[in-house]
Ligand code: GAR
């Protein structure tokens with residue numbers, strides 16, 4: 001049963017434990033509050049008392065689990081869970097559940113769900129935040145992780161959340177079909193580059209024009225381009241004596257770190273910064289802003305239900 005829940009909610013064992021605690025404590029609190037309110041109302045008729053109690057707990061339960069989810073760090077999960085539940089009750093959600101097997105992804109009945117692929121080459125801390133943010137989201141699902149590096153940390157993250165992985169190799173990506181048929185078969189409608197270090201071939205740029213975002217750990221147009229990734233960026237920023245750095249989230253076109261900027265956030269560069277200390281500050285900004293910008297961008301696309 002626990003394995004089924006982990007796969008269903010795309011969470012690891014520790015997070016499943018926190019979610020179950022939240023449900024248990026939220027449920028007990030709801031019962032307690034319901035009884036307290038009922039006592040205050042002092043209703044004489046048993047049937048009316050029961051109906052009132054049911055109404056109170058139905059109204060209180062979402063509030064209680066949301067409140068309890070905050071100290072457990074599970075607010076994003078429960079926000080999405082409740083909003084999906086709300087949509088289900090109002091009859092809108094018909095999400096298909098075939099995404100667990102990438103070879104089985106050609107049947108997607110729910111056109112209200114945007115299926116996102118995260119492309120990543122490295123540790124995947126951004127990928128993790130994005131996956132967590134969209135768990136149980138009513139309109140957006142992280143359906144695939146695409147990786148060009150065997151052994152990359154992001155592969156473990158995909159496994160933790162039971163997200164299918166497409167491992168790609170150079171020849172086919174740059175001189176073949178760029179894996180476009182695989183992405184289409186997986187029903188991918190949007191691509192997020194989260195620390196993906198290969199240039200995107202024109203076939204994908206054309207197919208996903210306006211539907212592909214990248215994050216860069218500097219304030220573009222400065223410190224971008226070929227070879228400018230990770231610590232190389234921070235070294236260059238520090239060497240240039242910049243007082244400020246930051247992040248840029250932008251649409252992807254045919255050039256490295258180029259395309260319409262959608263969002264920038266800044267942070268200070270302090271005199272004794274090293275690439276590692278600056279990278280930490282930059283990662284904090286990325287983890288805070290990337291997922292909400294992805295959400296806003298997808299929900300503003302024509303044809304996406306809001
Ligand atoms: C992120 O800082 C991202 O901005 C950067 O790679 C890092 C990946 O970290 N991307 C680039 O430099 C693109 N030019 P993560 O693997 O921990 O998410």
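In this entry, residue 23 is excluded by the filter for residues that are on the phi < 0 side of the Ramachandran plot, at pLDDT 85 or above, in contact with a helix residue (DSSP H, G or I) (Cβ under 9 Å, 6 or more places away or on another chain) and not in a helix (DSSP H, G or I). Within the range 162-195, the set of residues being under 28 Å from residue 300 (Cβ atoms) and within 16 Å of the ligand (Cβ to nearest atom) comprises 163, 191, 192, 193, 194, 195.
Looking across the range 171-195, the residues that are more than 21 Å from residue 295 (Cα to Cα) and touching a helix residue (DSSP H, G or I) at 6+ places or on another chain (Cβ under 6 Å) come down to 178, 180.
Taken over the range 196-222, the criterion of being at pLDDT 95 or above, in contact with a helix residue (DSSP H, G or I) (Cβ under 8 Å, 6 or more places away or on another chain) and within 12 Å of the ligand (Cβ to nearest atom) is satisfied by 213, 215, 216, 217, 218. For the range 151-261, the helices (runs of 4 or more DSSP H) that sit wholly inside it and include 1 or more residues that are free of Cβ contacts under 8 Å to residues at least 60 places away in the same chain and within 18 Å of residue 141 (Cα to Cα) are 153-160, 180-185.
Of everything listed in (1) within 9 Å of the ligand (Cβ to nearest atom); (2) over 24 Å from the mean Cα position of the chain (by Cα); (3) part of a helix (DSSP H, G or I), the single unmet condition for residue 286 is (2). Among the residues making up the range 229-245, those that are farther than 24 Å from residue 190 by Cα and surrounded by fewer than 22 Cβ atoms within 10 Å (Cβ to Cβ) are 231, 232, 235, 236, 238, 239, 240, 241, 242, 243, 244. Of all residues in the range 262-283, those being over 28 Å from residue 141 (Cα atoms) and away from the ligand (no atom under 12 Å from the Cβ) number 11.
The values are calculated or read from the model by the stated rules, or taken from the named source; none is laboratory data. Everything numeric here is computed off the predicted structure, so don't read it as measured data. Cβ: placed from backbone, ideal geometry, glycine included. Neighbour counts: every protein chain shown.
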